[in-house]
Amino acid sequence: MASITRPPHAVVVPFPGQGHVNPLMHFAKILAARGFFVTFINTDRMEQRIFKTPNDSAAVSHQLLQQGLQIRFLAVYDGLPPDHGGVQAIDEYFLATQKLGPAMVRILRSTANEAPQITCIVTDCFMACTHHVATSLAVPRVVFWTYCASAAIALANSRTLMDKGYIPINVKEARRPENLITCLPGKIPPLIPTDLQTFFRVQDTADPMFQVIMYESEIQNEADYVLINVFEELEGPEAAEGLSKGYPALPIGPVFLPDFLQSTKSSVSVATSLWEEDLDCIKWLQTKALSSVLYVSFGSIAVMSMKQLQELALGLEASEQPFLWVLRPDIAEGKAAVLPEGFTERIGERGRIVQWAPQLKVLSHPSVGGFLTHNGWNSTLESISFGVPMIGWPLWAEQFHNCRFCKEVWKIGMDFESRVENENALVSREEVEMVVRAMMEGPQGNELRKNAARLKEAATKAVMAGGSSYRNLDKFTRDMTARANSVIE
Ligand code: UDP
């Protein structure tokens with residue numbers, strides 16, 4: 001019988017947070033551009049933040065369809081009250097996501113006639129509930145890692161690390177040579193126990209987030225296929241294999257890069273920002289010299305004390321460097337930051353403060369020469385991909401891993417000595433000034449910029465036709481297309 005080619009249908013499920021919806025949306029578009037039919041499932045809370053009005057998601061689908069991309073959006077109720085703090089009440093938020101499986105199965109079944117037969121569930125690594133979805137619908141579960149491979153390997157092996165006594169983490173003894181972690185698969189560099197998830201720093205294993213992360217880590221291993229938002233040239237070809245238990249484990253990133261390179265030419269973009277982007281800051285960047293601006297942002301979740309924010313402000317002022325600083329409305333432990341008296345007047349045109357930036361446009365701007373970042377994986381990978389070296393200020397989750405790898409393994413980063421010794425120490429304005437100057441005007445910064453430029457080139461090559469991530473995507477596309485068609489040959 002002649003074979004009929006029908007499109008694979010991927011159901012893409014992000015964790016409901018900015019650093020997860022962003023990469024999964026980019027990946028959804030890559031899949032759609034390769035001929036997949038995509039169903040993107042948000043929680044209702046995320047859908048309202050992204051699309052503002054209920055009709056917008058349909059309008060976006062329609063717009064994408066006109067560009068030849070088939071992506072439909074579905075939403076499930078997250079079970080939490082409307083005034084819930086979301087990611088800021090992280091344990092409750094996670095526990096709510098862990099219960100979403102049955103609602104996803106229901107909505108997929110009730111809308112089955114609108115879409116081709118489902119081929120696979122592409123799930124965020126932090127959506128354990130999709131195990132129920134994949135099992136109920138008898139389709140493969142493709143685990144998409146929003147981490148680099150080495151951090152993913154560490155997390156996926158949490159149980160082993162607990163059995164070996166590395167978890168709960170003994171922070172004080174972490175840097176002793178005998179405590180180096182060398183037992184993990186994937187030929188990754190030895191890890192320091194403080195590279196592991198910060199949720200494992202609590203000594204009480206009954207702690208809700210300790211339990212949540214341990215459970216997620218166990219379900220992460222329940223996969224049929226693994227994709228990682230990284231590129232082979234960064235961590236070596238064997239790193240990804242450390243995530244395989246006999247199934248393919250492929251680096252396919254940076255997933256935003258093809259989209260970014262394309263959208264500089266055409267305009268198929270899906271806005272996923274939870275806050276309104278301040279586009280005027282790009283005009284301001286135009287007025288600044290090449291590689292002269294420090295971009296400062298701590299991502300979508302991290303908060304700081306008011307005292308630390310004020311000290312950071314005074315350090316930026318003392319550094320005399322131009323800076324673009326993202327101060328989310330909730331950055332000061334849930335409130336807006338109150339900056340030192342007279343700060344904005346003294347800074348004048350040298351500094352710019354925004355509530356939320358178009359980060360990809362900022363990092364790719366030639367005026368940006370450094371990034372003071374919390375080292376969330378998306379921000380780190382975005383900075384790497386645009387050749388911008390980093391000053392790391394990790395705050396939680398696996399950000400300490402990313403920060404240390406930027407500094408010690410990839411040689412594209414610096415950090416704050418005081419925080420390496422004690423992450424809770426107040427970073428003084430003097431230390432901020434010293435580190436910012438070293439990055440922006442010293443030989444050390446220039447060296448890091450050269451190293452970062454090399455990685456930018458490697459990242460760009462990886463996603464272009466014939467590159468490592470591109471080839472891995474070819475394989476994934478082939479495998480899923482074969483699966484979609486195997487039932488009707
Ligand atoms: N981001 C942005 N504008 C900002 C700050 C962040 O668009 O002003 C985006 C950034 O490009 C990244 C995401 O938000 O894609 C943050 O993800 P990351 O993993 O870095 O950190 P998280 O927010 O998850 O802690």
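The values are calculated or read from the model by the stated rules, or taken from the named source; none is laboratory data. Source: prediction; values computed, not measured. Positions of Cβ are backbone-derived with ideal geometry, glycine not excepted, and every protein chain shown enters the neighbour counts. For accessibility, only protein heavy atoms count, side chains too; no ligands or nucleic acids. Shrake-Rupley method; radii C 1.70, N 1.55, O 1.52, S 1.80 Å.
Descriptive notes on the structure:
- The separation of the range 108-135 from the range 1-58, counted between C-alpha centres, amounts to 11 Å.
- Computed [θ] at 222 nm, deg cm²/dmol, the chain (DSSP H ≥ 4; -39,500 (n - 2.57); rounded to nearest 500): -12500 deg cm²/dmol
- Computed from phi, the 3J(HN,Hα) profile of the range 374-386 under the Karplus parametrisation 6.51, -1.76, 1.60 (θ = phi - 60°) reads 7, 6, x, 5, 4, 4, 5, 5, 5, 5, 4, 5, 9 Hz, with x in place of Gly and Pro.
- Distant-in-sequence amide contacts of Ile391, defined by a placed amide H-H separation under 5 Å and a gap of 5 or more residues or a different chain, comprise Phe371, Leu372, Thr373, Met414.
- Sorting 377-389, 69-81 by average packing, meaning the other beta carbons within 10 Å per residue, from highest down gives 377-389, 69-81.
- Across the chain, the relative contact order, built from alpha-carbon pairs under 8 Å that are at least six residues apart, equals 16 percent.
- Mean projected area (nm²) of the alpha-carbon convex hull when the range 70-211 is viewed from all directions: 11.0 nm²
- As a rough guide to protection, the peptides 288-300, 28-40, 421-433 ranked by mean Cβ packing within 10 Å, highest first, stand as 28-40, 288-300, 421-433.
- In units of the compact-protein estimate 2.2 N^0.38 Å, the range 229-289 shows a Cα radius of gyration of 1.66.
- Rg ratio (alpha-carbon, reference 2.2 N^0.38 Å) - the chain: 0.95
- Between the range 192-251 and the range 380-446, the C-alpha centres lie 23 angstrom from each other.
- In summary, the range 171-324 shows an alpha-carbon radius of gyration equal to 1.40 times the 2.2 N^0.38 Å reference for compact globular proteins.
- Whole-Hz couplings from phi, Karplus 6.51/-1.76/1.60, listed for the range 15-26; x for Gly and Pro: 5, x, x, 4, x, 10, 4, 4, x, 5, 5, 4
- 5 Å binning of all Cα-Cα separations within the range 97-160, expressed as whole percents from 0 upward: 3, 17, 23, 22, 15, 10, 5, 3, 1
- Relative intensity of the range 183-269 on a log10 scale, I(q)/I(0) at q = 0.23, 0.26 Å⁻¹, equals -1.15, -1.22, per a Debye sum over C-alpha point scatterers of equal strength in the absence of solvent.
- Computed in the context of the full set of protein chains, the accessible area of the range 99-158 at 1.4 Å probe radius has 55% of its extent on carbon or sulfur.
- Order by protection proxy (mean Cβ within 10 Å, highest first), peptides 404-412, 15-23: 15-23, 404-412
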